[in-house]
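Following: one structure in structure tokens, then a few remarks.
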Amino acid sequence: MKNICVIGTGYVGLPTAGCFADLGNRVVTVDIDERKIQRLLAGQMPIYEPGLEELIERNVKAGRLSFTTSYEEGLRDAEYVFICVGTPSAVDGEADLKYVRAAAQTIAQTMTHPMIIVNKSTVPVGTGDWTAEIISKSQPKPIDFAVVSCPEFLREGSAISDFMKPDRTVLGSNNRSAAEAVAELYEPLHAPILITDLRTAEMIKYASNAFLATKISFINEISIICERLGADVTEVARGMGYDKRIGSQFLQAGVGYGGSCFPKDVKALANMALTHGMHPQLLNAVMEINDFQRKHIILKIRDLLGGSLEDKTVGVLGLAFKENTDDTRESPASTVVRSLMNQGARVKAYDPMAMEHAIRELDGIIPCQSAYEAAEGVDALVILTPWNEFKNLDFERIRRTMHEPILVDGRNLYDPETMRQHGFVYRGVGRGYNGEGRTNGHAHTTSAL
Ligand code: UDX
């Protein structure tokens with residue numbers, strides 16, 4: 001059993017705290033947001049993550065997990081402090097480190113004994129060194145500490161199983177024994193542990209996310225070509241994925257990647273390259289393709305509606321940036337919905353988990369209680385998040401209540417032929433089969449919007 005303090009109760013901090021407690025450690029979780037801590041103490045989760053509530057409840061009951069707004073309480077017995085605060089993008093694309101800075105300063109001013117400070121937030125290469133400098137400068141009197149980078153690879157929606165069954169754990173430090181001490185915390189997970197230097201660990205996180213984003217943009221570009229040439233990108237991806245060197249994951253064409261990580265991390269990596277005098281050609285293309293993918297879906301809807309969205313009603317299924325989360329940060333759906341409304345359309349929208357966020361963020365949407373309600377009376381229905389509950393809808397019922405039977409499937413959830421048999425005018429992404437692309441493909445241009 002080790003004593004761990006986790007700073008931050010967001011999508012990274014809470015699963016990390018809950019999982020470390022579940023592995024038998026004593027974990028104190030600190031957040032400066034009084035309201036969040038009050039909710040957690042009352043057993044309410046500030047975020048939706050499958051399995052999180054049970055995990056937290058079980059470990060609080062067992063006395064291994066507690067919550068506080070006090071750094072004094074959090075750090076009192078801590079051998080390890082995990083920084084899991086947000087690193088949003090600043091206006092210029094650089095990661096905004098104000099929360100990391102604040103956490104480092106407060107740790108420095110509060111610590112009364114030596115400890116290992118582990119950074120889990122995604123931070124620009126060099127931030128570990130910068131954090132160590134801030135801590136040294138902010139300490140009222142020198143106390144020993146080491147900084148270790150341990151980038152998180154958790155996906156929202158599967159954060160708990162990703163923590164418990166990681167592909168690997170990456171640890172970087174200029175102090176090898178500190179990294180080895182952190183490795184002990186991860187040994188019960190029986191996954192490979194790579195120990196390297198601070199900057200390399202920080203870079204592994206950016207390179208991994210940028211590579212996955214590149215895979216998505218690659219297949220999205222292929223999807224546009226498929227539409228023009230009459231091929232089906234879902235089959236192309238399957239055929240490619242059997243090749244072990246390529247792999248089948250992250251090859252689903254759609255409305256582009258979103259969320260709190262990929263858009264921000266690719267931008268930040270490109271920015272790091274730029275500020276060091278390099279031209280990040282591939283990363284720029286990855287971002288450009290991702291932006292285009294959202295526009296492409298709007299062009300498709302507009303074309304099917306006769307060239308104008310003015311006074312049309314569009315039903316939207318899915319607002320979260322992906323399934324199994326309530327998170328709408330950088331959601332492709334948000335961009336699409338805003339653009340539809342800007343071009344004069346009314347938008348009826350439904351998401352199984354993200355309605356609360358969406359209503360706050362998307363002024364003017366007509367919120368619905370179900371997929372069926374969102375489809376009623378609309379001129380087109382568009383799928384933007386691949387939730388399971390959208391996969392087996394009663395399509396006869398949906399089509400009957402729609403004003404026009406136009407179905408635009410931004411996530412390729414359905415079989416085109418089956419949807420045509422249900423009487424829909426169906427368009428997926430990158431599925432030029434049956435002449436779809438040849439009659440409705442768009443040139444790869446963003447000038448139309
Ligand atoms: C990601 C990384 O996977 C994780 O390792 C890192 O720690 C944080 O960023 P997350 O943001 O939760 O996790 O989402 P992920 O499941 O990776 O999906 C990102 C986006 O890509 C979503 O919008 C998703 O819909 C999209 N996506 C994913 C595709 O469009 N096609 C795919 O084939 C896969």
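The values are calculated or read from the model by the stated rules, or taken from the named source; none is laboratory data. The model shown is predicted, which means the values in this text are computed figures rather than measured ones. Every residue, glycine among them, receives a Cβ derived from its backbone with ideal geometry; neighbour counts consider all protein chains shown. Side chains are part of the model used for accessible areas, which takes the heavy atoms of the whole protein and leaves out ligands, DNA and RNA. Shrake-Rupley method; radii C 1.70, N 1.55, O 1.52, S 1.80 Å.
Filter the GluC sites (Glu not before Pro) in segment 287-349 to those in DSSP coil with at most 10 other Cβ atoms within 10 Å of their Cβ, and list the result.
Details: sites: Glu288, Glu310, Glu323, Glu330; in loops: Glu310, Glu323, Glu330.
Here the sparse-neighbourhood loop sites are Glu310.
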Need one number for segment 304-347: average projected area of the convex hull over its C-alpha atoms, nm².
3.2 nm²
What is the Cα coordinate range of segment 204-244 on the first, second and third principal axes, sorted by size from largest, in whole angstrom?
38, 21, 9
In a Gaussian network model of the chain with springs linking alpha carbons closer than 10 Å, the residue among Gly128, Gly51, Gly430 that fluctuates most is Gly51
For the Arg400, Lys141 Cβ pair and Förster radius 60 Å, calculated FRET efficiency rounded to 0.05 is 0.20
Candidates Phe395, Phe153, Phe211; GNM for the chain (alpha-carbon contacts under 10 Å) flags as most fluctuating Phe395
Rounded to 10°, Cα long-axis angle of helix 98-110 versus longest principal axis of the chain
20 degrees
Once amide hydrogens are built 1.01 Å from N within the peptide plane, the residues lying 5 or more places from Gly258 or on another chain with amide H under 5 Å from its amide H are none
Probe radius 1.4 Å, ligands and nucleic acids ignored: give me the carbon and sulfur share of the accessible area of segment 231-443 as a rounded percent.
48 percent
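When the dipole is taken about the Cα centre of the chain, and only Lys, Arg (+1) and Asp, Glu (-1) are charged at their Cβ, what size is it in debye, to the nearest 20?
Using only the charged Cβ atoms, the result is roughly 400 debye.
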Can you find, among Val382, His276, Phe395, the residue sitting farthest towards the positive end of the charge dipole of segment 231-443, where Lys and Arg contribute +1 and Asp and Glu -1 at Cβ?
His276
Taking Cα centroids, how far is segment 6-65 from segment 155-217 in Å?
21 Å
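Out of the trypsin sites (Lys or Arg not before Pro) in segment 127-222, which ones are loop residues according to DSSP with at most 16 other C-beta atoms within 10 Å? Intermediate values should be presented prior to the final figure.
On the way: sites: Lys137, Arg155, Arg168, Arg176, Arg199, Lys205, Lys215; in loops: Arg155, Arg168.
Of the trypsin sites (Lys or Arg not before Pro), the ones in loops of segment 127-222 whose Cβ has at most 16 other Cβ atoms within 10 Å are Arg155, Arg168.
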Gaussian network model of the chain, Cα springs within a sub-10 Å range: biggest mean-square fluctuation belongs to which of Gly63, Gly74, Gly410?
Gly63
Where only protein heavy atoms count, and the probe is 1.4 Å, what is the accessible area per residue for segment 148-261 in Å²?
46 Å²
Residue separation times 0.36 nm, minus the C-alpha to C-alpha distance between Ala273 and Glu79: what's the value?
66.3 nm
Could you tell me, in Å, what Rg and Dmax come out for the Cα atoms of segment 231-443?
17.5, 58
Give me D for segment 3-196 in µm² s⁻¹, whole number, from Stokes-Einstein with Rh from the Kirkwood sum over alpha-carbon pairs, 10 °C and 1.306 mPa s.
95 µm²/s
As a quick test, which of the pairs Lys2/Lys205; Lys36/Lys137; Lys98/Lys205; Lys244/Lys300; Lys120/Lys391; Lys205/Lys322 have an alpha carbon distance above 24 angstrom in this structure?
Lys2/Lys205; Lys36/Lys137; Lys244/Lys300; Lys120/Lys391
Percent of Cα pairs exceeding the 29 Å cut-off, where the set is the chain:
51 percent
Short to long, in 5 Å steps from zero, the percent of alpha-carbon pairs of segment 10-114 per bin is 2, 12, 22, 23, 19, 12, 7, 2, 0, 0
Share of segment 3-196's accessible area from carbon and sulfur, percent, 1.4 Å?
50 percent
